[in-house]
1. Based on what the data block shows, is Asp214 outside any loop (DSSP other than H, G, I, E, B), surrounded by fewer than 20 Cβ atoms within 10 Å (Cβ to Cβ) and touching a residue at least 60 places away in the same chain (Cβ under 8 Å)?
2. Name the residues in the range 1-14 that are crowded, with 16+ Cβ neighbours inside 10 Å, closer than 24 Å to Leu68 by Cβ and aliphatic (A, V, I, L, M), would you?
3. Identify all residues within the range 135-190 that are buried (at least 20 other Cβ atoms within 10 Å of the Cβ) and of a type in the set (Lys, Arg); write none if there are none.
4. So which of Leu67, Leu63, Leu114 ends up being crowded, with 19+ Cβ neighbours inside 10 Å, out of contact with any Leu (no Cβ under 6 Å at 6 or more places or on another chain), in a loop (DSSP other than H, G, I, E, B) and not charged (D, E, K, R)?
5. In this structure, does Thr60 turn out to be at pLDDT 95 or above and hydroxyl-bearing (Ser, Thr, Tyr)?
6. Of these, Gly107, Gly117, which one is in contact with a strand residue (DSSP E or B) (Cβ under 8 Å, 6 or more places away or on another chain) and without any contact (Cβ under 8 Å) to a residue 40 or more places away in the chain?
7. Within the range 229-267, track down each residue that is more than 14 Å from the chain's Cα centre (by Cα) and buried (at least 24 other Cβ atoms within 10 Å of the Cβ).
Amino acid sequence: MTGFRIGTRGSPLALTQAAMVRDALKAAHGIEGEIVVVRTTGDKVQDRPLAEIGGKALWTKELDRALLGGEIDCAVHSMKDVETVRPEAIVIAAMLPRADVRDRLVGAETLAALKPGAVIGTASPRRAAQVKRHRPDVTTVLFRGNVDTRLAKLAAGEADATLLASAGLARLGRHDVGHAVPLQVMLPAPAQGAVGIEVRAGDSRMLGLLAAIDHPATRACVLAERALLAALLADCHSPVAALATIEGAILTIEAELFSEDGSAHVHGMIEGAPEDPMLPAALARDLLDRAPDAVRALFAG
């Protein structure tokens with residue numbers, strides 16, 4: 001069997017995740033894959049929030065173009081960076097087992113331990129709102145870039161603390177960086193900790209190869225979280241946290257929506273069969289029905 005080309009962004013974390021996919025496919029099929037770096041707009045523009053310059057598509061559009069143009073056979077993504085509505089010609093073929101979904105706080109042991117009036121570096125509306133909900137005295141400044149870039153900004157004194165995904169730090173071997181924030185304090189971004197692989201919809205060979213490394217529980221949970229985002233009509237401006245989990249035959253989705261400054265929020269939870277496509281939409285309706293006006297204004301279009 002001939003090899004295949006794995007498209008990825010060029011950051012250290014993206015390359016590590018692409019290598020994970022390559023190694024998993026080699027273990028499953030004995031085939032060598034080639035990693036092809038595709039430079040994305042999101043990597044090039046680092047001084048503005050994503051929502052101002054095109055949203056999550058800045059991480060995907062160049063990879064989509066390379067995939068549809070036949071330059072690569074699959075594309076590896078951090079699923080939390082993949083926009084909710086995808087081109088019909090592209091499908092999510094597989095997801096690797098999900099890693100730790102929590103955020104890690106770097107610069108203090110806990111949010112409560114932050115000094116009064118502390119400055120947090122983040123580009124995430126969710127993280128900013130969650131921090132301000134617990135610590136209204138804290139202000140945020142824009143931190144974008146890969147893990148080392150953000151840690152360098154922190155070391156240079158541009159902020160007192162920052163938040164990074166546990167999964168990314170672990171994949172980079174940085175287990176000693178920061179302190180995990182309990183899920184009761186900060187629910188993660190939808191799809192956080194999950195690596196997904198996309199292929200052309202009609203590529204039966206790649207669909208077949210990738211089926212062997214798909215993790216069904218991760219897929220079910222991440223797709224439920226993405227369906228919740230779709231039902232909320234959430235975008236890059238929308239501070240939303242969500243986590244789906246499966247225990248036995250029950251899928252549970254927990255979610256929170258916030259106002260931009262974290263002063264208002266709504267929390268909800270729903271459970272049912274993992275294959276029930278109505279669960280995410282039902283939770284979205286419940287959240288929006290109960291949401292304060294300052295929260296509802298940021299969702300549902």
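The values are calculated or read from the model by the stated rules, or taken from the named source; none is laboratory data. In this text the structure is predicted, and so the values were computed from the model without any measurement. Cβ: placed from backbone, ideal geometry, glycine included. Neighbour counts: every protein chain shown.
1. The answer is no for Asp214.
2. Ile6, Ala14 - these are the residues of the range 1-14 that are crowded, with 16+ Cβ neighbours inside 10 Å, closer than 24 Å to Leu68 by Cβ and aliphatic (A, V, I, L, M).
3. Arg150, Arg171
4. Criteria check complete, one pass: Leu114.
5. When the stated conditions are applied, Thr60 does not pass them.
6. Working: Gly107 fails: without any contact (Cβ under 8 Å) to a residue 40 or more places away in the chain.
Matching residue, one of Gly107, Gly117: Gly117.
7. If the condition is that a residue be more than 14 Å from the chain's Cα centre (by Cα) and buried (at least 24 other Cβ atoms within 10 Å of the Cβ), then Leu232, Ile253, Ala255, Leu257, Phe258 are the ones that fit.
Every residue, every condition in (1) assigned to a helix (DSSP H, G or I); (2) at pLDDT 95 or above, yes or no:
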{"site": "Cys221", "(1), (2)": "yes, yes"}
{"site": "Ala224", "(1), (2)": "yes, yes"}
{"site": "Thr245", "(1), (2)": "no, yes"}
{"site": "Glu256", "(1), (2)": "no, yes"}
{"site": "Pro277", "(1), (2)": "no, no"}
{"site": "Ala282", "(1), (2)": "yes, yes"}
{"site": "Asp286", "(1), (2)": "yes, yes"}
{"site": "Asp289", "(1), (2)": "yes, yes"}
